[in-house]
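Input: a single structure, listed below in C-alpha cells.
Nothing in this text is a laboratory measurement; each read-out follows from the coordinates by a stated rule. Values in this document were obtained by computation on a predicted structure and should not be read as measured data. Using ideal geometry, Cβ is built from the backbone for each residue, glycine included, and neighbour counts are taken over all protein chains shown.
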Amino acid sequence: MKILTLHVDYINFKPLKKALKSVEELSEKEKKGGSAKDALVVLTAIEKIDDNVKEVTKKFIEAVKDVASQVKTNNIVLYPYAHLSSNLASPALATEVLNNVEKELKKDFSVLKAPFGYYKEFEMKVKGHPLSELSREIRVEGEGKEKEEKIDTDELLRKMTKVHMSAPKGEKGLKSNVEIGRDLDLYIVSEIVGKGLPLLTPKGTTIKREIERFVTDEELKRGYLHTSTPVMASSDLYKISGHWQHYRDSMFVLDVRGDKFALRPMTCPFQFILYKSKPRSYKELPIRYAEIATLFRNEKTGELRGLTRIRQFTLADAHIICAPEQIEEEFVQVLDLIKYVMNSLGVSDNDIWYRFSKWNPKDKEKYIDNPAAWESSQKLMKKILDKLKMKYIEADGEAAFYGPKLDLQYKDVYGKEDTLFTVQIDFALPERYDMTYKDKNNKQARPMVIHRSSTGATERMIAFLLERNQGNLPVWLSPIQVKTLSLTERNIDFVKKLNEQLVKEGIRTEIDIDESPISGRIREASLMKIPYLIVIGDKEEKEKKLAVRDRTGKNIVDYNTEEFIKKVKEEIKNRKS
RNA sequence: GCCUGUGUAGUUCAGCGGUAGAACGUUACCUUGGUAAGGUAAAGGUCCUGAGUUCAAUUCUCAGCACAGGCUCCA
C-alpha cells in the first residue's frame, strides 16, 4: 500500500462518473461529494500484495496516527488514489481494505471517505509546512518477494488434533450439549478447521440424518416441493432483497475471479428465482418450496457456542408462496406441521413458549419502511393466533426486517433463551423480487410469502434434544439402538449372527465381544445411553432367548429374537420417545 | 465485537520459576464372567503460539489464537 498524506486548510471533492464497472452505486448523500477543513488527507493506493488485510490495516492506522499526531489534527479524509501505484489490488480487495481502514480510523478520528472507483473532481489547499506532505509505503513484514509462505507441518498437525470440548455444568448440574456431544462421541470442535465449525462424527451425523429424513418425508406428504439450490451466489442476488444492505457484515464474501460472491445466509432468493422462472397462475398457488439448506453466517466470535450458534448450519427451510387470501390457511397448516414435528421429536409445550415478534416503528434502520403493510400483516398474524387460542407473548422490535414472526423460544441448560422454530409472514420481499401471478380475472397480482423452518436449524435442534434428554434420545434418533454383548468367548459367534440379523432389519447396532467382566461393559454401554443392551450367555444360546436390558437398567426381560425385532422396529416407526 | 474465565497425555483435570502427574481411554498379558468400574504392565507430552522479564519460563508479563460463560446480535 502506498499513501501520500497532505495536511490541508480545506479540501472539496465531488464524484463525477464511475471509473470501474463493478463498483457500487452511491447514495444521494455520497453523490454530493464532501468537504473538510484543517484535515489530514490520506491519498491511498491499495496494491496486490496487501491481501493480509488485518496487518495492512494495522500498519496503516499506525502510520496515520503518527502523522496526525505530528500535525495535530483529528480530521482524516480517506481518499482512494490509484495513481500512486502501478500494481493495484483488485477492486474487491481494495474496497475491503478501505472499508476496514475506515472502520478502524473512526475509532479515533473524525473520518470522511471519498468514494472508491469514481472519477472525482477535487480542490484543496495544502498548508505547506515541512510535515504537510509525506509519503509512506506500507508493507507487512515477510510480504512481497520474501513472502514464501512457511508451512510448519508439525505445528499444523498439532493444531489439527487439538480438540476443545470443555464446558461448565448448567443449571441443576445439567450437562450442556458440548459435554454430551463429547461424552457420546457426537461431534468435535477442531482448532484447525475454524471457529463455529463443528465436525459431526458418524454418530452425530446419524441423528442429523434421521431428523432431516423425517422432516423431508413429512413435508412431501404435506405438499411441499423440495429444491436443491447453490450455497453461493453473486452478491447482486442479495442486494434485491436488502439482505446485502442489512447483513453484509455477517456474510462470507468471496472474490471469484474478480466478481463478488457470497456464501448464502438464507434460502429465500434462490427459491424466489425458481418461482419467477415462468409465469404463474393462481391455480398453481400455493407453491411450497422446501429445502434442507446449508447456510453460512459469519456470526461474531463471542456469539458462537456448541451446536447452538455456529457459522455453517442446516435449516429445514421453506417458502410458501400463496395468494393473500390463502395466507391464513397456510399459516395454520404450518403450525400444524410444527406441532407434529414437535410431537415426534418429543418437544412438549412445556419446553417452549410462543413469541409474537413485531416491528418497532421507530427503528427505520432495521425495518422496511411501510407502516401500512406492517400494521396489516401484524394484525393478520394476531388474528390467526387468537383464533387458534394460542398463548403468546408480544415482543416489539423482534420482527424480521421484512415482516412479523412467530418464534418458538426455549431455554438451554444455562437458562439462555433461543429460537427453535420460526414462522414469518413476508409482505415485502415478493414486491422487491417482483413476484407475480395471474389472478382469476387475468390480472397481475402480488403473492405473499411465509418463511418457516420445520425443525429450525438441525444442529440447534440436536443441541436442544441432547440437553433436554441429557443424551437419552428416543430409539429412532439414537445413533446406536441396540448393543449386543457376549458373556463369554463361547457366545461370540451367536452374538455376531444375531447382530447380522438386526442390521438386516435396519436396526443400528454395535457388538461388544470383549473378554473383560460383563458389569464393566454394561457400565460403558450405559454411559453411551444406548436404549437396549442384549447379553448373550450360554443360557440364552441354549434357550434361544435374548436377555434385554433397557436404558433404565430396572428391567431385564427375555424376548425371543422375532419379538424383540418387532418391538424395536415398531418403536422406531412410531417414533416412541 | 465487548467483559470474564480457561488452554498441561486421546479425553477430563491436578501441579510447578529448575522441561511434569492422576483418573478414564488405548495396547499387551492374565482373568471366562450374569447386568453401572476384575488385575498387572506398557505406550502416550513442543505443558496452545509468539515475544518479553530471568542464570533458568509449562509456570510471571504482554500480544495473538482457540474454547466456554455473560452482554450484544441472530435474515
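Cα centroid separation, the range A:326-356 to the range A:231-280: 29 Å. In the range A:314-355, what GluC sites (Glu not before Pro) fall in a loop by DSSP, with at most 15 other Cβ atoms inside 10 Å? Taking the range A:314-355 and a limit of 15 other Cβ atoms within 10 Å, no loop GluC sites (Glu not before Pro) are found. For A:F421, nonlocal amide neighbours, meaning residues 5 or more places apart or on other chains whose placed amide H falls under 5 Å from its own, are A:L408. Remark on A:L225: its backbone amide H falls under 5 Å from those of A:R288, A:Y289, A:A290, a criterion applied only to residues 5 or more positions apart or on other chains, H modelled at 1.01 Å from N.
Just add up the charged neighbours of A:L105: K/R +1, D/E -1, any other residue whose Cβ is under 14 Å from the Cβ of A:L105. So the environment of A:L105 carries a net charge of +2.
Summing charges over all other residues whose Cβ lies under 12 Å from the Cβ of A:D558, with Lys and Arg as +1 and Asp and Glu as -1, gives +1. Across chain A, C-alpha contacts under 8 Å between residues 6 or more apart give a mean separation that, scaled by the residue count, equals a relative contact order of 11 percent.
The residue list A:A373, A:I11, A:S277 was ranked by how far each Cα lies along the charge dipole of chain A toward its positive end, using unit charges on Cβ atoms, and A:A373 comes out on top. The alpha-carbon of A:K504 sits under 17 angstrom from the alpha-carbons of these lysines, leaving out residues fewer than 8 places away in its chain: A:K483, A:K496, A:K566, A:K567, A:K569, A:K573. The overall shape of the range A:23-81 is oblate: from the C-alpha gyration tensor, with semi-axes ordered a ≥ b ≥ c, the ratio a/c is 1.5 or greater and a/b is no larger than b/c.
Angle of helix A:202-221 to the longest C-alpha principal axis of chain A, folded into 0 to 90 degrees and rounded to 10: 90°.
In terms of its alpha-carbon gyration tensor, the range A:14-140 comes out oblate; a/c meets the 1.5 threshold, while b/c is at least as large as a/b.
Qualifying GluC sites (Glu not before Pro) in the range A:57-147, where qualification requires a DSSP coil assignment and no more than 11 other C-beta atoms within 10 Å, comprise A:E141. Each of the peptides A:275-284, A:171-180, A:370-379 was scored by the mean count of other Cβ atoms within 10 Å over its residues; in descending order, highest first, they stand as A:171-180, A:370-379, A:275-284. Ranked by the mean number of other Cβ atoms within 10 Å per residue, highest first, peptides A:338-350, A:289-301 order as A:289-301, A:338-350. In this calculation the C-beta distance from A:K383 to A:V163 is compared with R0 = 45 Å, giving a FRET efficiency of 0.35.
The label-point distance for A:K172 and A:D493, in a model that sets each label 7 Å from Cα toward Cβ, rounds to 5.1 nm. Once the Cβ-Cβ distance of A:K416 and A:S110 is raised to the sixth power relative to R0 = 45 Å, the FRET efficiency obtained is 0.70. Helix A:518-527 and the longest principal axis of the C-alpha atoms of chain A enclose an angle of approximately 40°.
Think of it as helices only: each DSSP H run of n ≥ 4 in chain A is worth -39500 (n - 2.57), and spread over all residues that comes to -10000 deg cm²/dmol at 222 nm. For the pair A:H129 and A:L16, a Förster radius of 22 Å applied to the C-beta separation gives a FRET efficiency near 0.10, rounded to the nearest 0.05. In order along the range A:342-359, the Karplus-derived 3J(HN,Hα) couplings, from 6.51 cos²θ - 1.76 cosθ + 1.60 at θ = phi - 60°, round to 4, 4, 5, 7, x, 8, 9, 5, 6, 7, 9, 9, 9, 10, 8, 9, 10, 7 Hz, and Gly and Pro are given as x.
Think of the range A:177-272 as having a plus end and a minus end, set by charges on the Cβ of Lys, Arg, Asp and Glu; of A:L184, A:V231, A:P198, A:V231 sits farthest toward the positive end of this dipole.
For the range A:303-334, the residues whose amide N sits under 14 Å from a probe point set 7 Å from the Cα of A:H226 along the beta carbon direction are A:315-318. Seen against the Cα atoms of chain A and their longest principal axis, helix A:561-573 is set at about 30 degrees. Charge dipole of the range A:2-146 (Cα centre as origin; +1 on each Lys and Arg Cβ, -1 on each Asp and Glu Cβ, all else neutral): 420 debye, rounded to the nearest 20. Ordering A:247-257, A:24-34 by mean Cβ neighbour count within 10 Å, with the highest value first, yields A:247-257, A:24-34. So the label point goes 7 Å from the Cα of A:N555 along Cα→C-beta, right? Which residues of the range A:463-497 then have their backbone N under 14 Å from it? Backbone N within reach: A:475.
Quick check on my link table: of A:K21/A:K106; A:K72/A:K103; A:K276/A:K438; A:K32/A:K106; A:K411/A:K529, which ones sit more than 18 Å apart, alpha carbon to alpha carbon? Pairs exceeding 18 Å: A:K21/A:K106; A:K72/A:K103; A:K32/A:K106; A:K411/A:K529. Going through the cross-link list A:K37/A:K58; A:K31/A:K358; A:K175/A:K221; A:K283/A:K576; A:K172/A:K389; A:K29/A:K278, which pairs have a Cα-Cα distance over 28 Å in this structure? Cα-Cα > 28 Å for A:K31/A:K358; A:K175/A:K221; A:K283/A:K576; A:K172/A:K389; A:K29/A:K278; rest within. Under 1.5 on a/c is rounded, so check that first for the range A:367-423, then, if it is not, pick prolate when a/b is larger than b/c and oblate when it is not; a ≥ b ≥ c are the square roots of the alpha carbon gyration tensor eigenvalues. The shape class here is oblate. Within chain A, antiparallel bridges make up roughly 75 percent of the DSSP beta bridges whose residues both belong there.
Near the amide H of A:R508, within less than 5 Å, lie the amide hydrogens of A:Q481, A:V482, all on another chain or at least 5 residues away, with H placed in the peptide plane.
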